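Have a look at the structure below before the remarks.
We did not get these values from a lab; they are worked out from the coordinates using the rules stated. For clarity, every value in this text was computed on a predicted model and none was experimentally measured. As a convention, Cβ positions derive from the backbone with ideal geometry for all residues, glycine included, and neighbour counts pool all protein chains shown.
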Amino acid sequence: MRALAIIAAVLVIAVGFVGSAFVVQNSLRTVTLSLNLGFAAWQYPPVPVMWLLGGSFAAGALVGGLFFVWRSWGLRAQVRNLERQLAMSEAGSF
């Protein structure tokens with residue numbers, strides 16, 4: 001289990017390093033965002049690509065973190081239920 005945690009940490013660090021290098025390489029480029037829905041259209045002023053990449057990377061990390069927290073809460077509840085069942089079965093065996 002400890003080896004898996006080390007591999008996961010190394011993977012997260014590697015992805016973070018590659019993502020930050022990509023963001024820095026695109027720091028001087030800008031892009032104009034526009035949205036046309038047919039009945040309404042918006043056009044935003046030029047935005048640095050670095051902000052878009054950093055924002056999407058942060059949003060992905062936030063969604064992944066929230067998923068991890070949600071999953072860990074579910075597993076924690078399952079452990080509590082199993083411990084309660086074990087305690088009840090041990091109490092009944094005496």
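Exposure proxy ranking for MET88, MET50, MET1, based on other Cβ atoms within 10 angstrom of each Cβ and starting from the fewest, stands as MET1, MET88, MET50.
Normalising the average separation of contacting C-alpha pairs (under 8 angstrom, six or more residues apart) by the number of residues puts the relative contact order of region 2-92 at 19 percent.
Fully extending the segment from VAL12 to ALA40 would add 6.0 nm, taking 0.36 nm per residue of separation and subtracting the current Cα-Cα distance.
Going by the alpha-carbon gyration tensor, a ≥ b ≥ c the square roots of its eigenvalues, is region 47-94 rounded (a/c under 1.5) or, if a/c is not under 1.5, prolate (a/b greater than b/c) versus oblate? Here region 47-94 falls in the prolate category. Helical runs assigned H by DSSP (4 residues or longer) give the chain a calculated mean residue ellipticity at 222 nm of -26500 deg cm²/dmol, each run adding -39500 (n - 2.57) before division by the residue total.
Axis angle, to the nearest 10 degrees, between helix 49-92 and the longest C-alpha principal axis of the chain: 10 degrees.
Assuming a ≥ b ≥ c are the square roots of the Cα gyration tensor eigenvalues, decide whether region 27-68 counts as rounded (a/c under 1.5), prolate (otherwise, with a/b larger than b/c) or oblate. Note, shape of region 27-68 comes out oblate. Mind sorting out which of [x] 68, 19, 16; [y] 74, 40, 13; [z] 39, 27, 27 is the real Cα extents along the principal axes in Å computed from the coordinates? Calculated Cα extents along the principal axes in Å: the matching label is [y]. Using C-alpha pairs under 8 Å with a sequence gap of at least 6, the mean separation divided by the residue count of region 1-50 gives a relative contact order of 32 percent.
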